[in-house]
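Read-outs throughout are calculated quantities, based only on the coordinates presented, and are distinct from any laboratory measurement. Since the structure is predicted, the reported quantities are computational estimates derived from the model, not experimental observations. So basically every Cβ, Gly included, is an ideal-geometry build from the backbone, and we count neighbours across all protein chains shown.
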Amino acid sequence: MYTPTTVEHPRHRLASSAAAPRSAGGERLFDLAFAPYRPLRPTAGKAGGDALLWEALQVAGARERWEPALRAIQRGVGRGRTIWGASVGAAQRTWRLRLANPGRVRLLEALRAELGPWLAVAPSVDDDGAYDVLGIELSEEVAARGCVDAVSHYLRGAEPRTLEVWQVGSAGRRRVDEVLIAEAKREINVTLPRIKASPIVDFSGDRSLLGRTLIPELFACRYLHVCRRCDADALVYSGINVDQLTWFLSRFGHPAALVDYARGQRERLDHLLFDVEVAYRQEGVAIVYPETTLYGNL
Amino acid sequence: MESYKGRFEPTRFEDLTVTVDFHCHSACRFCIVQEGMNYYKGVPFELYEAAVADNRRAKRYRRVTFTGGEVTLEKRLFDYIDIARDSQSFEHIRIQTNGRLFADRAFARRVVDAGVDEFFVSLHGHDAATQDYISQRPGSFDEAIRGLENLRELGVCILTNTVLTTLNEPTLAAIVDTVRPFAPARMEWWNYLPMEDYADELGLLSPMSELAPSLREALARARDYGIESAVKYVPRCLLGEHGESQDNTQPDVVIVEEFYDKYPKFACIHEAACEHGDTCLGLHHPYITKFGWEEDVLVPFPRATPWREPEYGLWVGSDRPGEGTAIPTDQPRWAGLVVGVAERHRARLANVMLQRRACVYRFELGEGATVDVLLTARSEAPALARSASFNLQYRNLQADLSAPGLRERLSALVEDAIQTVIARDPGGMHLDARKGLVGDDSVRRRPRRAKALRVLDGSEP
Ligand code: SF4
């Protein structure tokens, strides 16, 4: 039985990953919506869901800085409930964390306690626990300041299968994303109108643009998350395999060493499903991709 | 989760295609193996001999097809033919060719006398100007036409192959007129697949808005002349009344595995809604990247049955629970190997998945308990048991084994299924164990590339 929280998932509600089936290695696997999945292969001798994170940190030269803090989360509040993300964009590399909060407990306070030795986390934010998922973003800039200024609150949206994402910090609270989650192929009639009703990309002007926003190489996934942000749209392809992941990393300019790692470790990663996010916007007649992110289980 | 649409999976058991070598005296602008010309080698002769010996024993294939490159340039062509003929294990021996060397009547006769009875001749233009421009060899059209005349006079079976690109798209129906005098048994129309030029910098990809009407006209003309057509890689819903001519199957190909890794992959945005979503490949990725998904142009055929996600990617051996099952096979011979087993154990045979390299029987025992019994080609590889044709194993066990008696029931069912297959397997049932048949030594050293393949990403105007 999954433990339902407040955000509906296409087939089952956004679930506490604590209820995810355990793989042989004892690891619980879940996707970006915290919906559990069974490993695609027997897990004996396989890499864990965090293997790519450590490698991504390593090749970015950031492992030493962040691993102790992330390990602390992994051991503490984050066990079985955390998604990590590694973003590559125009500005700087960022490391994202999302922690499920099915019981609506004061997760931020717990997180502050874990990260206390390294960082202050949104000191101006009162934690009332009124969120389904808590998100934070780490970067070199955050490390330099010693403080995460704002956190993200993920809340069930007004419509079924939608999420609202609010950024909460010293500057107040503002909505930064609206997300619709649906099965990639079976429910394309749900996601496609949403993708096309974009304030960022004019699909009516050039029909070919859809081929560069809904990426065909990634369409063979389990779920699509259609994200509407302030300055870009984004699609999350949830549940791709390791071969698609390698393609994604290579195509969107993730470090070559990480691509080589994914390729070289294919046999150790092929039991996992991955979630990847491609943000996009239109510039003239072109589609540009300001940021892409790889997600996995911590 | 890469789909069957994602990975081109050769599935036809009738035909064995042997890539003899990759050299060619034409240089067709779209040639899908042109990059390979530089570094692929053909199938090692001894592997070919082994494949024929296997067929002599197993009668797996009815036809062998020699292809390249241009196979008529191969010095050992007659050795290849002789071995196939002498094996007496193939009903037909076919050559895939540009037809140019058959302009020499003596050569044509020699090949026919050696035992080749089917000629699959490429003709990409309706006239010399078009064909010679495409092949980049002046005179190639005239040679091919003389070759076709000779073959026609020799009374062999002729088939033609036309690759659909922007270079011939306006004149496809005229090609039918050109080949009509040679009474081809079938005309095959293969939409261009970029193997290297994913961004279509050569401008060979024809938009469906232009290609589909022209192709339909050609198909109609072929039909009027009584010529059968087969179309590959064009969406079925764009073929109009000629939808039945869509045939995306491929023969088993003895070729370097890497070749298929470079094959473009396919997708259709309406896959889940379309009755033909399982067999119609839709559009290939480079096309979608360049022209879009054609979501308003492709019209799904309403499904009569619920769509189920195909078995994806790494074929079988998945521990994924039920949602990833493939389409049940309609091959009673394979289902017959385990008929009655499920009933003896108060279980249900939920699915029989027959794939190129495996046959999977999925049994359900209720309350979410499932187990797959897996057949692969008989080999010395570790297996639970072996029947005359297969290695047998079980996998994908999904059950709460703490439930009272369930472990024992599952064990009994698996044991029964295995013993039943062993008892019923008559021998000579075939699953393909040939992955890796063509080894590393079949690839010439490939020059390192300075940069990765460029993919059209829309970041350029
Ligand atoms: S809708 Fe898609 S799957 Fe159906 S026939 Fe057309 S291209 Fe093929």
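Determine the shielding of peptide A:183-190 by partner chains: average, over its residues, the number of Cβ atoms on other chains within 10 angstrom of each Cβ.
Averaged over the peptide's residues, the number is 5.
Please arrange B:79, A:31, A:126, B:15 by counting, for each residue, the other beta carbons lying within 10 Å of its beta carbon, fewest first.
Ordered by Cβ neighbours within 10 Å, fewest first: A:126, B:79, B:15, A:31.
Can you grab the distance from the C-alpha centre of region B:272-292 to the C-alpha centre of region B:93-141, Å, no decimals?
Going from one Cα centre to the other spans 33 Å.
Could you check the spin-label model distance between residue B:62 and residue A:147? Points 7 Å from the Cα along Cα→Cβ, value in nm.
7.9
Using only the alpha carbons of chain A, what is the convex hull's orientation-averaged projected area in square nanometres?
14.6
Hey, what did region A:150-298 get for relative contact order, percent, Cα under 8 Å, at least 6 apart?
On the way: 252 pairs, mean separation 25.3, N = 149.
Once divided by the residue count of region A:150-298, the mean separation gives 17 percent.
Just checking the output field for A:197-204: average partner chain Cβ neighbours within 10 Å of each residue's Cβ?
Averaged over the peptide's residues, the number is 0.
How far apart, in nm, are two points set 7 Å out from the Cα along the Cα-to-Cβ line at residue B:104 and at residue B:408?
7.7
Quick one: net charge around residue A:193, please, counting Lys, Arg +1 and Asp, Glu -1 for every other residue with C-beta under 12 Å from its C-beta.
Overall, the nearby charge balance is 0.
Sort A:59-69, B:115-125, B:47-57 for me by packing, meaning the mean count of neighbouring Cβ atoms within 10 Å per residue, highest on top.
B:115-125, B:47-57, A:59-69
Near residue B:245, within a Cβ-to-Cβ distance under 15 Å, what is the net charge of the other residues, with Lys and Arg +1 and Asp and Glu -1?
Surrounding charge for residue B:245 is -1.
If I histogram all Cα-Cα distances within region B:332-424 using bins 5 Å wide from 0, what percent of pairs lands in each bin?
Cα pair-distance distribution for region B:332-424, in percent: 3, 14, 27, 26, 17, 9, 3, 1.
Quick one, could you list the DSSP H helices from chain A stretching 24 Å or more along their long axis (Cα atoms) with average Kyte-Doolittle hydropathy of 1.6 or above?
The answer is none, since no helix passes both cut-offs.
What does the charge count around residue A:106 come to, taking other residues whose C-beta lies under 12 Å from its C-beta (Lys +1, Arg +1, Asp -1, Glu -1)?
It works out to a net charge of -2.
Of all the C-alpha pairs in region B:4-316, what % are more than 34 Å from each other?
Numbers: 10035 of 48828 pairs.
Cα-Cα pairs of region B:4-316 separated by over 34 Å account for 21 percent.
Let's test the formula: R0 of 41 Å, r as the Cβ-Cβ distance of residue B:86 and residue B:142. What FRET efficiency results, to the nearest 0.05?
0.70
Where Rh denotes the Kirkwood radius from the mean inverse Cα pair distance, what is Rg over Rh for region B:45-92?
Answer for region B:45-92: 0.96.
Distance cut-off 28 Å, Cα to Cα: go down the list B:59/B:265; A:196/B:232; A:185/B:290; A:185/B:265 and report the pairs above it.
B:59/B:265; A:196/B:232
Run the numbers on region B:4-316 and let me know its relative contact order in percent, using alpha-carbon pairs under 8 Å that are six or more apart. Don't jump to the answer; show the numbers that get you there.
Details: 590 pairs, mean separation 58.8, N = 313.
In percent, rounded to a whole number, it is 19.
Calculate one ³J(HN,Hα) per residue across region B:206-218 by plugging θ = phi - 60° into the Karplus curve 6.51 cos²θ - 1.76 cosθ + 1.60, and present them in order as whole Hz with x for glycine and proline.
9, x, 4, 4, 9, 5, 4, x, 5, 5, 4, 4, 5
Would you mind calculating the gained length between residue B:395 and residue B:344 on full extension (0.36 nm times residue separation, minus the Cα-Cα distance), in nm to one decimal?
16.3 nm
How shielded is B:279-290 by partner chains, expressed as the average number of their Cβ atoms within 10 Å of its Cβ atoms?
Going residue by residue through B:279-290 and averaging, the value is 3.
Take the Cβ-Cβ distance between residue A:260 and residue A:173 as r, set R0 to 30 Å, and report the resulting FRET efficiency rounded to the nearest 0.05.
Taking R0 as 30 Å, the efficiency between residue A:260 and residue A:173 is 0.10.
Please give the FRET efficiency for residue A:120 paired with residue A:65, using the beta carbon to beta carbon distance and R0 = 25 Å, rounded to the nearest 0.05. Working shown, then result.
Working: r = 16 Å, r/R0 = 0.64.
The calculated FRET efficiency here is 0.95.
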